[in-house]
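Readers should treat all values here as calculations from the given coordinates under stated rules, not as data from a laboratory. Everything quoted here is computed from the prediction, not taken from an experiment. Quick reminder, even Gly has a Cβ in these numbers, built from the backbone with ideal geometry, and neighbours come from all protein chains shown.
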Amino acid sequence: MPAPKRAKTSTWATKKGLAQMLKGGVIMDVVNPAEAKIAEEAGAVAVMALERVPSDIRRDGGVARMSDPDMIKGIQAAVSIPVMAKARIGHESEARILEALDVDYIDESEVLTPADDRFHINKHDFKVPFVCGCKDLGEALRRINEGAAMMRTKGEAGTGNIVEAVRHIRTVAEEIAALKGQGEKRLRAAAKEMRVPYELVKVTVKAGRLPVVNFVAGGIATPADAALSMWLGADGVFVGSGIFKAKNPAKTAAAIVQATTHWKNAKVLAEVSAGLGEAMKGIEMRTIPEGERLSKRGW
Amino acid sequence: MAKRHSRPIIGVLAVQGDFAEHLHMLESLGVEGREVRLPTDLVGVAGLILPGGESTAMRRLLHRWDLISPIKSLAKRGAPILGTCAGAILLATKIADGDAPVLSLLDVEVRRNAFGRQLESFETSLIMEGLGSEGRSRTIHAVFIRAPEILKVGPSARAVATLDDGRIVAARQGRILGIAFHPEITGETGVHRWLISEATAALG
């Protein structure tokens with residue numbers, strides 16, 4: 001039975017609130033119902049339904065688009081945890097389709113090929129909440145200003161290399177820290193430079209963090225990577241290729257879930273990191289030309 | 001033996017979910033909260049909060065780290081336990097549609113995601129029965145996120161909040177309280193105050 005008649009749905013509190021409930025958890029990329037089941041069994045808090053994981057998108061090339069609605073429906077039928085799906089940057093129509101499919105969150109994602117080189121989706125116009133990627137504070141606040149109810153630092157998806165993820169979450173934190181204690185004049189100048197309202201900068205600096213839940217994404221491949229993300233201040237982690245490109249997906253998935261909970265406890269981390277078999281093969285950043293970096297998409 | 005504290009320490013299950021919001025609420029009420037991830041974290045806590053989150057993930061983490069029986073013994077010793085949303089699911093004696101119960105401390109049957117997916121998450125006001133000794137029923141603002149519903153309340157428990165359409169969204173059994181919504185994100189302090197006063201009383 002749906003929400004009661006007089007209740008208000010799709011409010012900022014409900015949009016932002018679902019992300020709050022996902023905190024301390026792991027959101028896993030899955031490409032079919034069987035993988036979604038494995039993710040749920042392992043303790044994922046949500047799954048991201050997509051056609052190909054980022055490492056395959058990187059390998060295959062071509063245009064990466066929204067997934068087939070049938071595939072998303074199949075995954076929704078298979079699990080009881082939230083199901084997210086990706087739309088191309090600026091692709092309002094893909095987002096409308098995903099909203100009509102009743103997905104729980106839309107990821108306006110640089111992992112897919114951008115559809116608009118000028119505008120991101122106006123996310124305030126939608127009932128369904130959005131998560132977006134960022135590399136720095138300005139990008140995060142622009143997306144939040146457009147209506148994103150959750151953020152994720154981008155990292156470099158499909159690489160199994162956490163270095164970019166670390167760089168992006170550090171950058172956001174350092175840029176907030178640099179504005180701490182600054183007067184109104186300085187904050188107004190920063191707001192102008194970042195092309196966002198002063199009030200948004202003010203609340204962010206006051207809180208000492210982004211005003212919405214922020215996960216780390218892009219390159220997480222091991223339990224230790226997840227723990228490092230949490231240690232750097234992430235609210236949770238997205239794992240893409242890192243699970244189903246590992247030798248033992250179910251075991252790796254469960255271990256990453258445990259590590260995200262027990263990130264402070266090195267003894268537990270040692271226990272859950274043992275005997276997982278080979279992790280996904282990673283890519284050294286120097287071997288990826290600037291123009292092929294997914295994190296450069298979006299602005 | 002529990003040491004006498006002027007104010008009790010309240011544990012907040014921190015395996016997953018919005019535990020930081022609950023800790024923040026406790027802090028704003030001047031009470032020490034403690035993150036609980038392992039059984040040893042429960043030593044010395046006088047009350048416990050099971051936060052919102054994904055109940056399937058929390059269930060797995062509770063089993064994996066053997067937290068079930070220490071939480072049950074905490075309840076047996078009279079410590080108050082509050083479960084919000086996923087936390088209420090963990091407390092229930094019965095979960096509709098096949099899932100096995102987790103803690104079985106609250107005599108209710110719940111249904112997960114009873115209102116639907118995220119687009120059916122909602123905000124509303126509702127009347128909640130007074131909880132404390134001084135408590136009277138009052139209207140509170142509540143946020144429901146992919147929320148569960150309490151389908152049936154068994155003989156040992158009773159409903160303490162319902163929606164306009166009669167659906168039950170909170171139930172209490174002595175010092176165990178399960179609610180389907182999230183006072184920790186709306187700044188509604190009454191439920192936490194009740195937990196703290198019960199915990200103080202339980203300390204003797």
Partner lysines for A:Lys251 [C-alpha distance under 27 Å; skip if fewer than 8 residues away on the same chain]: A:Lys23, A:Lys37, A:Lys73, A:Lys86, A:Lys154, A:Lys264, A:Lys267, A:Lys281
Test item: A:89-98 mean partner chain Cβ contacts at 10 Å: 0
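Students often check this: by mean Cβ neighbours within 10 Å, which of B:138-151, B:78-91 ranks highest, and how do the rest follow?
Working: B:138-151: 21.5, B:78-91: 27.6.
Answer by packing, highest mean first, reads B:78-91, B:138-151.
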Gyration tensor (alpha-carbon) shape descriptor, chain A, a/c threshold 1.5: rounded
Spatial separation of Cα centroids for the stretch B:172-188 and the stretch B:35-61, in angstrom: 15 Å
Sorted peptide list for B:26-32, B:7-13, criterion being average Cβ within 10 angstrom, highest first: B:7-13, B:26-32
Of all DSSP beta bridges in the stretch B:9-203, antiparallel share, percent nearest 5: 55 percent
Order of A:Thr14, A:Thr113 - criterion: other Cβ atoms within 10 Å of each residue's Cβ, fewest first: A:Thr113, A:Thr14
Reach of A:Lys185 by Cα under 27 Å, taken over lysines that are not fewer than 8 positions away in the same chain: A:Lys135, A:Lys202, A:Lys206
Interatomic Cα distance distribution for the stretch B:9-203, bins of 10 angstrom, percent: 10, 41, 39, 10, 0
Overall Cα dimensions of the protein assembly as shown, principal axis frame, Å, largest first: 66, 54, 44
For residues of A:255-267, the mean tally of beta carbons on other chains within 10 Å: 3
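Calculate the mean, over all residues of peptide B:48-58, of how many other protein chain Cβ atoms lie within 10 angstrom of the residue's Cβ. Show your work: numbers first, answer last.
Details: counts 0, 0, 0, 4, 6, 7, 12, 2, 8, 14, 5.
Shielding by partners across B:48-58 averages 5.
Give me the mean projected area, in nm² to one decimal, of the convex hull enclosing the Cα positions of the stretch A:131-273. Each step should come with its number before you reach the end.
Numbers: hull surface 33.8 nm².
Dividing the Cα hull surface by four gives the mean projection, 8.4 nm².
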Mean Cβ count within 10 Å, highest first, over the residues of peptides A:236-242, A:170-176, B:19-25: A:236-242, B:19-25, A:170-176
For the stretch A:157-177 versus the stretch A:35-104, the gap between their alpha-carbon centres in whole angstrom: 24 Å
